[in-house]
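The values are calculated or read from the model by the stated rules, or taken from the named source; none is laboratory data. For clarity, every value in this text was computed on a predicted model and none was experimentally measured. Glycine gets a Cβ as well: all are built from the backbone with ideal geometry, and neighbour counts include every protein chain shown.
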Amino acid sequence: MSSVDVLLVSLGSTGGLRAADEQLAELLRDAGATVEIAKSEPQRQVRTMALTDLLWARASADAARAALSRSSPRAIIYSSVTAALFWPERGAIRFDASAAENRAGHHGIWQRPLERRRFNEASLLIPWSEAAVVEAPPSPAKSIVVPAAVEGGRPQHAPDERDIAAITYASDPEKKGLDRVLSAWAQARRGDERLLIAGLDPARQTGIGEGVELVGTLDPSSYRELLGRSKIFLCAPRREDFGIAQLEALADGCQLVTAPAAGGYVALDMARQLDERLVTDDLAPAIRCALDDPRPDYAARAGELLEPFRRASVEQIVSSDLLAALLN
């Protein structure tokens with residue numbers, strides 16, 4: 001049996017979660033740790049959130065047990081609450097949101113009670129944001145906030161060089177409020193302005209309206225290239241657990257036009273500081289404001305606000321705080 005410093009049990013139910021886990025593993029390795037990632041097997045789509053979580057929780061437990069049969073880690077990180085629900089061994093929990101907050105009513109009927117037990121037993125909590133830990137069940141464990149780092153993302157195009165009016169990301173149309181985005185765009189659009197929608201299969205979406213283009217699921221570099229050509233990132237989430245897409249958009253020079261939302265939506269306060277006119281439930285006027293009367297220093301100020309989420313800042317937290325807490 002081999003030994004590693006950290007076993008990272010990756011739920012990986014979305015592309016964003018998989019990328020965040022790979023990033024954390026890389027940061028831990030850069031800090032001098034040996035890391036193994038135990039990846040959950042992909043699961044079939046089912047109709048309810050409670051059953052979806054059940055399948056993924058079992059898959060994560062299977063992945064953890066398989067990894068533990070061949071290696072002896074000094075520390076285990078379960079990446080997401082779901083990955084920790086059926087854990088075979090106690091460990092740290094990394095999470096962007098708790099089931100107590102994002103699994104209301106019957107959606108979390110079995111997850112929430114088990115989650116309270118896991119938080120009480122956890123060796124360490126690793127929330128993505130301060131808001132995430134505030135909303136989570138009480139725990140005696142120490143908490144270290146480690147946000148997902150915003151990679152690269154220095155604006156390459158000035159606002160007057162951008163040829164795409166707006167872009168949004170809608171891998172989960174209901175949660176991301178795509179219906180509200182499309183309604184506002186239909187009211188606000190002028191001339192040949194375009195709204196691009198990333199993250200949706202074009203073959204499964206119809207009746208989206210004029211001036212809207214589905215670009216599908218893109219590789220990260222292609223998606224970020226589109227962000228660099230877009231004037232605004234438009235979104236109306238019903239809940240936002242963290243909002244890495246919004247942070248990436250700000251990093252690539254987009255103005256963020258957004259409706260307020262519950263959850264650990266870290267870019268929301270940034271958006272208000274940058275231009276409070278663009279944060280509202282009445283999105284159509286905000287779209288026109290961003291396109292017709294943009295603040296000239298918006299991108300520069302956004303860059304300053306993003307410094308705590310840059311890779312160098314997150315790397316410092318991982319190397320100076322997280323690794324010591326995991327291994328000591």
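The set of residues in segment 40-79 being crowded, with 20+ Cβ neighbours inside 10 Å, in contact with a strand residue (DSSP E or B) (Cβ under 6 Å, 6 or more places away or on another chain) and among the hydroxyl-bearing types (Ser, Thr, Tyr) consists of Ser60, Tyr78, Ser79. Taking segment 41-154 and the strands (runs of 3 or more DSSP E) fully enclosed by it, the elements with 1 or more residues that are in the same structural domain as Ala20 (by TED's automatic domain parsing) and among the basic types (Lys, Arg) are at 71-79, 92-95. Of the helices (runs of 4 or more DSSP H) lying entirely inside segment 269-320, the ones with 3 or more residues being free of Cβ contacts under 8 Å to residues at least 60 places away in the same chain and under 28 Å from Ala188 (Cα atoms) are found at 283-292, 298-305.
Screening segment 97-123 for residues that are at pLDDT 95 or above and of a type in the set (Asp, Glu) and picking the one that is surrounded by the most Cβ atoms within 10 Å (Cβ to Cβ) gives Glu115.
Can you pull out every residue in segment 214-238 that is among the small types (Gly, Ala, Ser) and in a loop (DSSP other than H, G, I, E, B)? Listed by number, the list holds a single entry, Ala236. As a summary of the residue check, Ser320 satisfies the conditions (1) closer than 25 Å to Arg18 by Cα; (2) under 22 Å from the mean Cα position of the chain (by Cα) except for the one numbered (2). Whether a residue is more than 27 Å from Tyr298 (Cα to Cα) and either surrounded by fewer than 19 Cβ atoms within 10 Å (Cβ to Cβ) or of a type in the set (Gly, Ala, Ser) (or both) was assessed, and Asp172 passes this test. Restricted to segment 198-243, and to residues there that are more than 17 Å from Arg272 (Cα to Cα) and among the β-branched types (Val, Ile, Thr), the residue that is modelled with the lowest pLDDT is Thr206.
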